[in-house]
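The values are calculated or read from the model by the stated rules, or taken from the named source; none is laboratory data. Keep in mind that what you see is a predicted model, and the values were worked out from it rather than measured. Reconstructed Cβ throughout: ideal geometry from the backbone, glycine too, with neighbour counts over all protein chains shown.
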Amino acid sequence: MCDYSLHGVASRPAKVGDKLVTTQFWSTATRGFAAAEEPRVAVCLLPGTEVAFESKVERHLTGFQLWFRKTKPLPHQVARFRQVNMDNPCTHHDALEFPNGQIVLLTDLCAGQRATVLQLPAQPKTAGAAQSPTQVETRSSPADWERQTG
């Protein structure tokens, strides 16, 4: 999904293997993902999409952190996209959840960081499978993400 503030920006859905860059989009106050080869096109992720960053993730200082004037890079390079604060239509929703459970808004990430789409969320193969009460979804825990990719 692309955050509400990116609705005026050209966009496309993410694909496995996409090379992404965190981008400050022109004419918005929002950062998000753009394709490395298309810097003006927002790449929209579905909740559950997993991404791996090339290096430790840097974020801008926000809120209480401004008092201390420092922030450390996040200790993980793998994250799962999710949406937060959906009950509030006038705030940012796009976020990344890291293996330690920390959630960071996509708009709080520093621009210029590179990531790759590892996998998209599982989708049912048939319409009947989506309604099957016996279907069990198995997902790795956030703690397993880095072991699987690292």
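Please work out which residue is surrounded by the most Cβ atoms within 10 Å (Cβ to Cβ), limiting yourself to the range 1-42 and to residues that are small (Gly, Ala, Ser) and modelled with pLDDT under 80. Can you show your working first?
Just the residues of the range 1-42 that are small (Gly, Ala, Ser), to begin with: 5, 8, 10-11, 14, 17, 27, 29, 32, 34-36, 42.
Now restrict to residues that are modelled with pLDDT under 80: 5, 8, 27, 29.
On the way: Ser5: 19, Gly8: 10, Ser27: 7, Ala29: 9.
Per the stated criteria, the residue is Ser5.
Taking Thr91 and the conditions (1) of a type outside the set (A, V, I, L, M); (2) at pLDDT 80 or above; (3) surrounded by 11 or more Cβ atoms within 10 Å (Cβ to Cβ), which numbered condition does it fall short on, given that it satisfies the others?
So the condition that Thr91 fails would be (2).
Just one of (1) at pLDDT 75 or above; (2) more than 24 Å from Ala35 (Cβ to Cβ); (3) not small (Gly, Ala, Ser) trips up Gln83, so point out which.
(2)
Could you check the range 95-126 and list, in sequence order, the residues that are charged (D, E, K, R) and in contact with a Ser or Thr (Cβ under 7 Å, 6 or more places away or on another chain)?
Step one: filter the range 95-126 for residues charged (D, E, K, R), giving 97, 108, 114, 125.
Once the filter is applied, which keeps residues that are charged (D, E, K, R) and in contact with a Ser or Thr (Cβ under 7 Å, 6 or more places away or on another chain), the range 95-126 yields only Asp108.
List pairs: first residue in the range 36-50 and farther than 19 Å from Phe98 by Cβ, second residue part of a strand (DSSP E or B) and among the polar types (S, T, N, Q) anywhere in the structure, Cβ distance under 9 angstrom, at least six positions apart or on different chains.
Pairs that qualify, where the first residue is farther than 19 Å from Phe98 by Cβ and the partner is part of a strand (DSSP E or B) and among the polar types (S, T, N, Q), are Pro39/Thr23; Arg40/Thr23; Val41/Ser11; Ala42/Ser11; Ala42/Thr23; Val43/Ser11; Cys44/Ser11.
Mind listing whichever residues of the range 97-150 are among the polar types (S, T, N, Q), exposed (fewer than 10 other Cβ atoms within 10 Å of the Cβ) and modelled with pLDDT of 60 or more? Even if it seems obvious, please write down each step before you answer.
Restricting attention to the range 97-150, the residues satisfying the condition of being among the polar types (S, T, N, Q) are 100, 102, 107, 113, 116, 119, 123, 126, 131-132, 134-135, 138, 140-141, 148-149.
When the remaining residues are screened for being exposed (fewer than 10 other Cβ atoms within 10 Å of the Cβ), the result is 123, 126, 131, 134, 138, 141.
Gln123, Thr126 - these are the residues of the range 97-150 that are among the polar types (S, T, N, Q), exposed (fewer than 10 other Cβ atoms within 10 Å of the Cβ) and modelled with pLDDT of 60 or more.
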